[in-house]
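Asks: I'd like to ask you about the structure that follows.
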Amino acid sequence: MKPRVLFMLVLGVLAAPACSQGGAPASSAPPTLAASAAATEAHEAGAKLKFKDGDDRERFSLKLKDDGAKLVDGEDKEVARYKWKDGDLKVSGPDDAVLAYVTGGPDVFQVKDAARQAVRYTLARDGGGWKLTDARGAVLYTVATGGEGASVKGASGAEELRVKVRDGKLSLRDPAGKTVLATKTPVSPEAAACLGFASLDLPLRMALLFRLKSPAGAASP
């Protein structure tokens, strides 16, 4: 073999590894943290927190969106809208009329009027649970958590609802043990317990559930 040909062969062998390392396509690089976060948000947006009654009929669902969520009934009719605004959760009706704002967190949440001035309800941590009070400070409900469940008691101290988690299913049961609502979508018992605040309209109960379920949402636009 001629010296020149041998030299070219050796040069080609040495250059091949360098090309395979330096010339790799950009798609082979590991994803950045920002890209991973964007993928997570895209996956969560559009997720659905569905609640059924004891007869397995869909009662209502919370549909997550990029800027908040939407509450629909069992027939997919819109009931309320939730959007992050300046760190607060704005609660609106289907006509976009503001119903209330949920402010504060993570240990004290306040439900304020449409002008974000008057406090209508306050949900605050109380020991290992939560306490809901009205505008005058009177206790309406208390939530005690323990194990994989929670208990909702009214102003009299009597239990009104119990939250249980079993085999991946969360159920809300009345004092007689009858299932009132249930979901297979992951949600914490303390957040689901907000549905036991029967004296509040459903849009407000779900707003508190959503606020406890999404602690990072206060940083959203």
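Asks: Looking only at region 148-175, count how many residues are touching a helix residue (DSSP H, G or I) at 6+ places or on another chain (Cβ under 9 Å) and either among the aliphatic types (A, V, I, L, M) or not in a strand (DSSP E or B) (or both).
Replies: Going through region 148-175 one residue at a time, the tally reaches 8.
Asks: Now a separate question. Please indicate, with yes or no, whether at least one residue in region 193-202 is closer than 27 Å to residue 90 by Cα, within 20 Å of the chain's Cα centre (by Cα) and surrounded by fewer than 17 Cβ atoms within 10 Å (Cβ to Cβ).
Replies: Among the residues of region 193-202, at least one is closer than 27 Å to residue 90 by Cα, within 20 Å of the chain's Cα centre (by Cα) and surrounded by fewer than 17 Cβ atoms within 10 Å (Cβ to Cβ), which makes the answer yes.
Asks: Scanning for something at pLDDT 90 or above and either more than 14 Å from the chain's Cα centre (by Cα) or surrounded by 11 or more Cβ atoms within 10 Å (Cβ to Cβ) (or both), does region 24-38 turn up at least one residue?
Replies: No, every residue in region 24-38 fails to be at pLDDT 90 or above and either more than 14 Å from the chain's Cα centre (by Cα) or surrounded by 11 or more Cβ atoms within 10 Å (Cβ to Cβ) (or both).
Asks: Scan region 163-182 residue by residue and report those that are β-branched (Val, Ile, Thr) and touching a Lys or Arg at 6+ places or on another chain (Cβ under 6 Å).
Replies: 179
Asks: Sticking with this structure for a sec: Give me the pairs: first residue in region 179-207 and aromatic (Phe, Trp, Tyr), second residue open to solvent by 10 Å² or more (accessible area, probe 1.4 Å), beta-carbon distance under 6 Å, and six or more apart or on different chains, which are they?
Replies: Listed by first residue and then by second, the contacts come to 197/141; 197/205.
Asks: May I pose another question? Scan region 136-145 and give yes if some residue there is in a loop (DSSP other than H, G, I, E, B), modelled with pLDDT under 95 and not hydroxyl-bearing (Ser, Thr, Tyr), otherwise no.
Replies: no
Asks: Sticking with this one: Residue 106 fails exactly one of the following numbered conditions: (1) touching a Lys or Arg at 6+ places or on another chain (Cβ under 6 Å); (2) under 30 Å from residue 147 (Cβ atoms); (3) not hydrophobic (A, V, I, L, M, F, W, C). What is the number of that condition?
Replies: Against the list (1) touching a Lys or Arg at 6+ places or on another chain (Cβ under 6 Å); (2) under 30 Å from residue 147 (Cβ atoms); (3) not hydrophobic (A, V, I, L, M, F, W, C), residue 106 comes up short only on (1).
Asks: Identify, from the list 144, 150, 118, the residue that is without any contact (Cβ under 8 Å) to a residue 60 or more places away in the chain and surrounded by fewer than 16 Cβ atoms within 10 Å (Cβ to Cβ).
Replies: 118
One line per residue, one yes/no per condition, for (1) touching a Lys or Arg at 6+ places or on another chain (Cβ under 9 Å); (2) more than 28 Å from residue 179 (Cα to Cα); (3) surrounded by 13 or more Cβ atoms within 10 Å (Cβ to Cβ):
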site: 69; (1), (2), (3): yes, no, yes
site: 72; (1), (2), (3): yes, no, yes
site: 75; (1), (2), (3): no, no, no
site: 81; (1), (2), (3): yes, no, yes
site: 95; (1), (2), (3): no, yes, no
site: 102; (1), (2), (3): yes, yes, yes
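Asks: Within region 170-180, restricting attention to residues that are touching a Gly at 6+ places or on another chain (Cβ under 8 Å) and more than 18 Å from residue 145 (Cα to Cα), which residue is surrounded by the fewest Cβ atoms within 10 Å (Cβ to Cβ)?
Replies: Filtering first and then ranking leaves 178.
Asks: Does residue 172 satisfy the criteria of being free of Cβ contacts under 8 Å to residues at least 40 places away in the same chain and closer than 20 Å to residue 73 by Cβ?
Replies: So residue 172 passes the test.
Asks: Taking region 104-115 only, how many residues are under 20 Å from the mean Cα position of the chain (by Cα) and surrounded by 14 or more Cβ atoms within 10 Å (Cβ to Cβ)?
Replies: Within region 104-115, residues that are under 20 Å from the mean Cα position of the chain (by Cα) and surrounded by 14 or more Cβ atoms within 10 Å (Cβ to Cβ) number 5.
The values are calculated or read from the model by the stated rules, or taken from the named source; none is laboratory data. A quick note: this is a predicted structure, and the numbers were derived from the prediction, not measured. Glycine also receives a Cβ, built like all others from the backbone with ideal geometry; neighbour counts cover every protein chain displayed. These accessible areas exclude ligands, DNA and RNA; they are computed on the full protein's heavy atoms, side chains included. Shrake-Rupley method; radii C 1.70, N 1.55, O 1.52, S 1.80 Å.
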